[in-house]
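One structure below.
Any read-out appearing in this document is the output of simple, stated calculations on the displayed coordinates, not a laboratory observation. Note that the structure is predicted; figures quoted are calculated from it, not measured. Methodologically, a virtual Cβ is constructed for each residue, glycine included, from the backbone with ideal geometry; neighbour enumeration extends over all protein chains shown.
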Amino acid sequence: MSQFAKLLSRVLLSAVIATLALASQFAAALEEGDKAPDFLLQASDGKTYSLSQFLGVRPMVIAFFPKAFTGG
């Protein structure tokens, strides 16, 4: 096996292990049916909103598109 193939296999294995470790942490943080913790997000209109602003007032959907259709 070439040095490049060995290095690539080590990197891929490390990435898989890291992904599994992170996924298990996030999965343990919230379970289905848990209430979402309060948080702040900056919206596309430049204003900052919190979950607690809308709690009990109206349903809320959060859509996250990292760098979608942007030059960033």
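Points to keep in mind about this one:
- Segment Thr48-Lys35, length gained on full extension (0.36 nm per residue, minus Cα span): 2.6 nm
- Packing-based ranking, highest mean first, of 49-55, 30-36, 7-13 given that Cβ atoms within 10 Å are counted: 49-55, 7-13, 30-36
- In this label model, Ile62 and Ser2 are separated by 4.5 nm, measuring between points 7 Å along each Cα→Cβ vector.
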